[in-house]
Structures are given as structure tokens and as C-alpha cells.
Amino acid sequence: MMLRFSVQDHFIIGIDLRMTQIYGVLSDFDARIIREIRRLTPVREEFLSVIAETSQIIEELRSYAGVLGKRIHGIGVAVAGLINRDKNIVELSPDVHWRNVDIGSVLSQKNDTPVIFDNFTRVMVLGEMLYGIGKEHEDFICVNVGCGIGAAFVLMDYVPGNIIHENRTTCLAPTCPRIRPRRGKRNGSSGPGISWITTIPT
């Protein structure tokens, strides 16, 4: 007998944390959006104020899932900035003025649910690979145009790391003369502040 997992009965929460807004969605395991919330990012305030606003969005989405009788299995956060996977922190995010913050642990404590986070351009290409037109291709590039320009790519169904970008310039090689990746960087990102810090010797 074949058993099939019911994707419609299991929910997750996704958060897109940008300089201008925090966008939260409640979706099932098939990426079908059930509910969405948008709030302005309190970018001029401290880290915990942004976390408080994010947690409020998560709680509202969780409450809606509860009304539907569904359980939240996890929370994913996409954030602009350099992600240090060795330390599991956002090392630098010029958009929200963060340095060396452990967003995953803080949100997990506030919401009692597993939280994972990654650079939003990398999250974009992963989403395209799993649910978009990328399902039909082993190799492709996604370009994210917003406050800056970022890009990430898939090669043979794998998302490489160490891709650093700046506004109006994309560098896909560690030998780029203006932007040299520092040790520990795993994800694509963008913004003049990020490209500045990547030039600091380690």
C-alpha cells in the first residue's frame, strides 16, 4: 500500500525581512499561501524592536493556523546580509543595521518553534529550484533587484556559496579585484556596506 504525505494539512511560516517591510506568509508544504501579513520594518530602532515586530507577525499567523486546526512545523526567515554559517549568525546586514546577531535563537525562544534563516537571494533561488521554473533545469541564475542587486545560481541542482555582490556589480569569482569573500561567508548578498566589509583582511 502506498502512503502519501498530506501537504495541505501541515503548515509553515515564512518571513521576508527587508529594509522597508516585514512580509510574513502562512503556507502549506506545497508552498500554497494561506495568509499573508505586511508591516513596515522599524529599521531606525534596535535589533530587539525588529524582532518584536517579526514575532508579532509570526504569532498572528500561528493563531490563524490554530483556528484552522493546523500545526506550525517550522519558521523560515530570509534576511538581507552576510550569513556566517560557522557561527550561525547574521554577521552584517546594512539594511537593518545589524552586526553579529543570532536571529534564529532569539526567534526560537520567543516562538517555541524551530527557526532557520538564510540570505534572501539564496532563499529566492532555492524557492525557484523547488517550486518554480527551476524544477525543469539543472543550471540557472536568479537576479534579485531591490535596494541593491544580488544574484545566486544553481549548478547541477546545487546552490554554491561564496557569491558576493555590490550595487550595479556582480562578482561570481573569489578573485574579483574589488570584492574578495572573507572566510566563513556562505551566501550571496548585496549592498555597498556588505561589499565594503568583504574587503577587510582576515
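Remarks
- Computed over Cα pairs, the Kirkwood radius of segment 16-124 leads via Stokes-Einstein (1.567 mPa s, 4 °C) to a diffusion coefficient of 91 µm² per second.
- Rounded to the nearest whole Hz, the Karplus-based 3J(HN,Hα) values (6.51 cos²θ - 1.76 cosθ + 1.60, θ = phi - 60°) of segment 116-132 follow the sequence 10, 9, 7, 4, 5, 6, 5, 4, 4, 6, 5, x, 5, 5, 8, 10, x, with x at glycine and proline.
- Farthest towards the positive end of the charge dipole of segment 7-119, among the residues Ile116, His97, Ile12, is the Cα of Ile12, using unit charges on the Cβ of Lys, Arg, Asp and Glu.
All of the numbers you see were taken from the coordinates with simple rules; none came from a lab. Computed from a predicted structure; not experimentally measured. No Cβ is skipped: glycine too gets one built from the backbone with ideal geometry, and neighbour counts run over all protein chains shown.
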